[in-house]
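Visitor: Got a structure for you, questions after.
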Amino acid sequence: MNLMGLFRSPQNELEKGGKEAEDAGIRSACPRCGVQLPLSDLQENMNVCTACGYHFRVGPRERIAYLTDEGSFYELDGDLLSRDLLDFPAYDQKLRNAKLASREKDAVVTGAAHILGHPCALFVMDPNFMMGSMGTVVGEKITRLFEFATGTGAPVVGFTVSGGARMQEGIHSLMQMAKTSAAVRRHGEAGLFYLTVLTDPTTGGVTASFAMDGDVIMAEPGATIGFAGARVIEQTIRKKLPQGFQTAEFLLDHGFVDLIVPRAQQRETIGRLLQLHDPGSIGMAEEEMGGGLE
Amino acid sequence: MSAYDKVILARSKGRPTGAAYIENVFDGFLELHGDRRFADDPAIVGGLALLGNLPVTVVAIEKGTDTKERLRRNFGMPNPEGYRKALRLMKQAEKFQRPVVCFVDTSGAYCGLGAEERGQGQAIAENLMELSTLRTPVISILIGEGGSGGALALALADQVWILENAVYSVISPEGCASILWKDPKRVKDAAECLKLTAQDMEAMGVVERVIPEENFDSAYAQIKELLAEVLPGLIATPTDELLEARYQRFRKF
Ligand SMILES: [Zn+2]
């Protein structure tokens, strides 16, 4: 093994990481209102701007901490690694960079968890890993999670964030859309509940597969959600897009999401939805009402 | 022939479009229109036909053959209502236990304002989910361009075949070159790297068959013969077995 090779690239990446950390700094500027936010305030406020409510992008570990009951998250398939299936130029290097930037092995974290006491299978995609692009590892982990949930009778809660397909995996990336959709379908046919939470940005092949398959589709305020990227649409129609196009609010108006829930309220809303879909609570209600529901 | 030459060939104007396959492979095609929700999308043609004596549901993406027709058909780039029409006809095929045959030829689902407003992503997602358990045999044939999710929405099938000079890709070589390398001129490299030719598809197990293109009359005849050979076996397969095989077909990727 070439140890020098191992040393060189992490060094470059550490420099990069250092610069990013500096950018985040003690204060962080809100991309929407420009207010300088003390990092501690931002962290305390779940990375939502205290001045304007802008929802910063966050990684899966933060979301899992915001969402799940302490110590309840049990990660699944955490060791799957993407391979350079097509011998695609520079893909290996991109994967290495993404691992360093995100401190994850690929663009989704999956596992079992409790949310306000309700068990569920959970997946959370990662904007810091190649902008959540879907390759075979993303598709495989999500498929396995749905198969696990189908087998154990668990609901699935999924947070999506994705720029679209993992181009470097070519047709294998496209096939993930089919694979995940089929697994979602089997979970649904077993009568199990699937909740998606669309976060900024959710686009391309993820939108056109499991993101839009939820029984209930929730979105984070202001999130960009769509199939085609805004630039591609502008090039196609040769016009500027109207203000607010492809936002969570736009999708709500057009009937494609059920509800928009700010980050601070997501845990509570998700807990309620899980409770409402818990076959156990229906059984209990029946008992309390003396079989009056039959 | 380079990968990019194949892309050019797959897009070339002289190439037969969906309608030509319908006409030459089946008898008595009866076109059915509309998604019952919003509109009839001319980019997707669907209806009923006979394969010999066997009634089938046929769905084809149609690019059009002259300028006027190409404009009307939006160059074969479907809107959500096209995918919803396709799904409606497929669900009908399921009800009446007819097999479904799809012809796929698109640079991709349309990237327009209205398409987004009407849920392009949702329409494709729904087709994928529904097709994965459609309780009747489905065969999809890629005849020209297989452009990403917009093509896959009609190609989650029991068998997928591809014409010798057709291509199938997660992104166009142009899109790949400009996004990845910020250099649209590297389109040939992109075509090569993406491994998008019919031969690549066969090698990677994405398709079951490559249909030779000595001339298109022989291609039509071969498709007709192959359908007559393969469909009875799929029809005779118990539905749960058929769906399990379809699941595993895509599960392997
Ligand atoms: Zn702000």
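The values are calculated or read from the model by the stated rules, or taken from the named source; none is laboratory data. Quick caveat, the model's predicted, so the values are computed rather than measured. Cβ placement follows ideal geometry from the backbone for every residue including glycine, while neighbour counts extend to all protein chains displayed. All accessible areas refer to the heavy atoms of the entire protein, side chains included, with ligands and DNA or RNA removed. Shrake-Rupley method; radii C 1.70, N 1.55, O 1.52, S 1.80 Å.
Visitor: Out of curiosity, is residue B:241 surrounded by fewer than 24 Cβ atoms within 10 Å (Cβ to Cβ), within 15 Å of residue B:9 (Cβ to Cβ) and without any contact (Cβ under 8 Å) to a residue 40 or more places away in the chain?
Guide: no
Visitor: So which of A:169, A:140 ends up being within 14 Å of chain B (Cβ to nearest Cβ), at pLDDT 95 or above and open to solvent by 10 Å² or more (accessible area, probe 1.4 Å)?
Guide: Answer to the selection: A:140.
Visitor: For residue A:203, state whether it is surrounded by 16 or more Cβ atoms within 10 Å (Cβ to Cβ) and facing chain B (nearest Cβ under 10 Å).
Guide: yes
Visitor: Restricting attention to the range A:55-67, and to residues there that are open to solvent by 50 Å² or more (accessible area, probe 1.4 Å) and closer than 19 Å to residue A:222 by Cβ, which single residue is nearest to the ligand (Cβ to nearest atom)?
Guide: Ranking the qualifying residues of the range A:55-67, first place goes to A:57.
Visitor: Might you let me know whether the range A:238-261 holds any residue that is farther than 17 Å from residue A:201 by Cα, in contact (Cβ under 8 Å) with a residue 24 or more places away in the chain, in a loop (DSSP other than H, G, I, E, B) and away from every other protein chain (no Cβ under 11 Å)?
Guide: yes
Visitor: Also: May I ask you to verify whether residue B:152 is under 18 Å from residue A:136 (Cβ atoms) and touching a residue at least 60 places away in the same chain (Cβ under 8 Å)?
Guide: Against the criterion (under 18 Å from residue A:136 (Cβ atoms) and touching a residue at least 60 places away in the same chain (Cβ under 8 Å)), residue B:152 does not qualify.
Visitor: Restricting to the range B:222-238, name every residue that is farther than 28 Å from residue B:129 by Cβ and without any contact (Cβ under 8 Å) to a residue 60 or more places away in the chain.
Guide: B:222, B:225, B:229
Visitor: Considering only residues of the range B:179-210 that are more than 10 Å from chain A (Cβ to nearest Cβ) and closer than 15 Å to residue A:232 by Cα, which is modelled with the highest pLDDT?
Guide: B:182
Visitor: Taking the range A:31-54 on its own, how many of its residues are near the ligand (Cβ under 10 Å from one of its atoms), modelled with pLDDT of 95 or more and either crowded, with 16+ Cβ neighbours inside 10 Å or within 21 Å of the chain's Cα centre (by Cα) (or both)?
Guide: Qualifying residue count, the range A:31-54: 4.
Visitor: Right, next: Please determine, by comparing only the residues of the range B:91-117 that are of a type in the set (A, V, I, L, M) and either open to solvent by 40 Å² or more (accessible area, probe 1.4 Å) or farther than 18 Å from residue B:237 by Cβ (or both), which one is nearest to the chain's Cα centre (by Cα).
Guide: So, considering only residues that are of a type in the set (A, V, I, L, M) and either open to solvent by 40 Å² or more (accessible area, probe 1.4 Å) or farther than 18 Å from residue B:237 by Cβ (or both), the one nearest to the chain's Cα centre (by Cα) is B:104.
Visitor: Could you please find all residues in the range B:104-145 being within 9 Å of chain A (Cβ to nearest Cβ) and farther than 25 Å from residue A:249 by Cα?
Guide: Answer for the range B:104-145, where residues must be within 9 Å of chain A (Cβ to nearest Cβ) and farther than 25 Å from residue A:249 by Cα: B:108, B:128, B:129, B:130, B:131, B:132, B:133.
Visitor: Looking only at the range B:201-221, count how many residues are open to solvent by less than 40 Å² (accessible area, probe 1.4 Å) and in a helix (DSSP H, G or I).
Guide: Result for the range B:201-221: 4.
Visitor: Taking the condition of being in contact with a strand residue (DSSP E or B) (Cβ under 8 Å, 6 or more places away or on another chain) and either at pLDDT below 95 or more than 10 Å from chain B (Cβ to nearest Cβ) (or both), how many residues in the range A:172-197 meet it?
Guide: Of the residues in that region, 7 qualify.
Visitor: Go through the residues of the range A:198-220 one by one and say whether even a single one is in contact with a His (Cβ under 7 Å, 6 or more places away or on another chain), aliphatic (A, V, I, L, M) and touching a residue at least 60 places away in the same chain (Cβ under 8 Å).
Guide: Within the range A:198-220, none of the residues are in contact with a His (Cβ under 7 Å, 6 or more places away or on another chain), aliphatic (A, V, I, L, M) and touching a residue at least 60 places away in the same chain (Cβ under 8 Å).
Visitor: Could you please let me know if residue A:124 is within 16 Å of the ligand (Cβ to nearest atom), closer than 23 Å to residue A:207 by Cα, surrounded by 20 or more Cβ atoms within 10 Å (Cβ to Cβ) and not basic (Lys, Arg)?
Guide: no
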